[in-house]
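Peer 1: Following this message is one structure expressed as structure tokens.
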Amino acid sequence: MARWSVNVPTWTPVAVADTTNFTDAGHMSFQGGSSTQRINVLEVYMGGQAGASSPSIMLLARDSTVGVTLSVGRFAALDPATAALAAPPVAFNTATTKPQRSATLSLLNLSFNAFGGIVRWVYSPGEEVGMLGNTASFGEMSLSAFTGGTPGLLGSHFIVEPF
Amino acid sequence: MQTKRSHEGYLLIDNRNSPGVTKEFVRSTGRHAPVVGEGAVLEANTITCAHCQRGVILNPQRSHRREWCSYCDHYLCDNCGLIKKIDGKCRNLNQLFDKLQEQLASGERTEHY
């Protein structure tokens, strides 16, 4: 299947505790396009854009409450010849019902300094993190800031492969 | 033939133009994360636990063996490795996803749980 990029060019994470509503535009989330859709996450990248030191505790995690009424974000195929998906996954950072990070299903801790720091995590083929459907807790994943630190401006992307 | 090395992913933390994070900061978070200070670069191999799908950064200094599930032929994190030692069961998450997906598609199940 084809690879797609979910990306937010510039955003400032808002630190929240687990199982607490995310703040609009303060997280980067990604939800499956249908109840049976499988998605693999192949890569996670963050590039710091802050103008002053901003140590940030960034977590890639599954969401125990999924967002509802999502405002659709950037989701682009890497190959221009890629066919459109019947049920495209939804990248979003704004929702009416706010998503919440699971307290137990955090997958990566990518603490870094958003003042010029770069983090890139690449999964080996066959070892990717999977998602299933569009409901909690397997159907949505987020990149967000945990409490503590002083999150700063950054740009980020996931490379994903929907099936 | 697949080697164990072929299961390894890659992590880059580049602080060549950044103050990075301090040991004290990482400790204060109460979470496990690599400490990469000012001007430093960390490149490391990683694995994904096949049972919980958490990412694990491989420590080249580690002397005891990594946990491995011989049923699904994948690396495990230490927590899942311990659970498997206790009950001997393979809980491969992708295999669970396969099963759930089939049940959802056939209407046998309407929710994940």
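Peer 1: Let me spell it out: the conditions are (1) buried (at least 24 other Cβ atoms within 10 Å of the Cβ); (2) touching a helix residue (DSSP H, G or I) at 6+ places or on another chain (Cβ under 7 Å); (3) over 17 Å from A:Phe146 (Cα atoms), and A:Pro55 meets all of them except one. Which number is the exception?
Peer 2: Condition (3) is where A:Pro55 drops out.
Peer 1: Give the residues of region B:22-52 that are at the interface with chain A (Cβ under 7 Å from one of its Cβ atoms) and modelled with pLDDT under 95, sorted by residue number.
Peer 2: Of everything in region B:22-52, those that are at the interface with chain A (Cβ under 7 Å from one of its Cβ atoms) and modelled with pLDDT under 95 turn out to be B:Phe25, B:Val26, B:Ser28, B:Thr29, B:Arg31, B:His32, B:Ala33.
Peer 1: Could I ask something else about it? On the basis of being within 30 Å of B:Val36 (Cβ to Cβ) and in contact (Cβ under 8 Å) with a residue 12 or more places away in the chain, does A:Gly126 make the cut?
Peer 2: On the way: within 30 Å of B:Val36 (Cβ to Cβ): yes; in contact (Cβ under 8 Å) with a residue 12 or more places away in the chain: no.
No: the conditions fail for A:Gly126.
Peer 1: Need the failing condition index for A:Leu70 against (1) in a loop (DSSP other than H, G, I, E, B); (2) closer than 23 Å to A:Ala136 by Cβ, just the number.
Peer 2: (1)
Peer 1: Which of (1) within 17 Å of A:Thr36 (Cα to Cα); (2) in a loop (DSSP other than H, G, I, E, B); (3) more than 10 Å from every other protein chain (Cβ to nearest Cβ) does A:Ala83 not meet, given it meets every other one?
Peer 2: (1)
Peer 1: Right, something else. Quick check on region A:38-58. Is at least one of its residues in contact with a strand residue (DSSP E or B) (Cβ under 7 Å, 6 or more places away or on another chain) and closer than 14 Å to A:Gln100 by Cα?
Peer 2: Checked against the condition, which is being in contact with a strand residue (DSSP E or B) (Cβ under 7 Å, 6 or more places away or on another chain) and closer than 14 Å to A:Gln100 by Cα, region A:38-58 yields no hits at all.
Peer 1: If A:Ser142 satisfies every condition in (1) buried (at least 19 other Cβ atoms within 10 Å of the Cβ); (2) within 13 Å of another protein chain (Cβ to nearest Cβ); (3) not acidic (Asp, Glu) but one, which is the exception?
Peer 2: (2)
Peer 1: Counting just the residues of region B:12-40 that are exposed (fewer than 13 other Cβ atoms within 10 Å of the Cβ) and within 21 Å of the chain's Cα centre (by Cα), which one comes out nearest to A:Tyr45 (Cα to Cα)?
Peer 2: B:His32
Peer 1: Going through region B:1-49 one residue at a time, which ones are among the polar types (S, T, N, Q) and part of a loop (DSSP other than H, G, I, E, B)?
Peer 2: Residues of region B:1-49 that are among the polar types (S, T, N, Q), as a first pass: B:2-3, B:6, B:15, B:17-18, B:22, B:28-29, B:45-46, B:48.
Selection gives B:Gln2, B:Thr3, B:Asn15, B:Asn17, B:Ser18, B:Thr22.
Peer 1: Just to verify a result, which residue in region B:53-65, among those that are assigned to a loop (DSSP other than H, G, I, E, B) and within 10 Å of chain A (Cβ to nearest Cβ), is farthest from B:Phe97 (Cα to Cα)? If you could, list the steps in order and put the result at the bottom.
Peer 2: Residues of region B:53-65 assigned to a loop (DSSP other than H, G, I, E, B): B:53-54, B:58-65.
Then drop every residue that is not within 10 Å of chain A (Cβ to nearest Cβ), which leaves B:53-54.
Numbers: B:Gln53: 12, B:Arg54: 16 Å.
By that ranking, first place goes to B:Arg54.
Peer 1: Only one of (1) in a strand (DSSP E or B); (2) surrounded by fewer than 20 Cβ atoms within 10 Å (Cβ to Cβ) is not met by A:Gly126, so which one is it?
Peer 2: Evaluating A:Gly126 over (1) in a strand (DSSP E or B); (2) surrounded by fewer than 20 Cβ atoms within 10 Å (Cβ to Cβ) leaves (1) as the failure.
Peer 1: Pairs, please: C-beta under 7 Å, at least 6 apart or cross-chain, first residue touching a residue at least 12 places away in the same chain (Cβ under 8 Å) and in region B:33-57, second surrounded by fewer than 16 Cβ atoms within 10 Å (Cβ to Cβ) and among the aliphatic types (A, V, I, L, M)?
Peer 2: The qualifying pairs are B:Glu43/B:Leu12; B:Ala44/B:Leu58; B:Asn45/B:Leu58; B:Thr46/B:Leu58; B:Ile47/B:Leu58.
Peer 1: A:Leu153: crowded, with 19+ Cβ neighbours inside 10 Å, more than 12 Å from chain B (Cβ to nearest Cβ) and not aromatic (Phe, Trp, Tyr), yes or no?
Peer 2: On the way: crowded, with 19+ Cβ neighbours inside 10 Å: no; more than 12 Å from chain B (Cβ to nearest Cβ): yes; not aromatic (Phe, Trp, Tyr): yes.
Spelling it out, it is not the case that A:Leu153 is crowded, with 19+ Cβ neighbours inside 10 Å, more than 12 Å from chain B (Cβ to nearest Cβ) and not aromatic (Phe, Trp, Tyr).
Peer 1: Considering every residue within region B:74-94, establish whether at least one is within 30 Å of A:Thr147 (Cβ to Cβ), of a type in the set (A, V, I, L, M, F, W, C), facing chain A (nearest Cβ under 7 Å) and touching a strand residue (DSSP E or B) at 6+ places or on another chain (Cβ under 9 Å).
Peer 2: Yes.
The values are calculated or read from the model by the stated rules, or taken from the named source; none is laboratory data. None of the values given here were measured: they were computed from a predicted structure. FYI the Cβ positions are ideal-geometry reconstructions off the backbone, even for glycines, and counts take in every protein chain you see.
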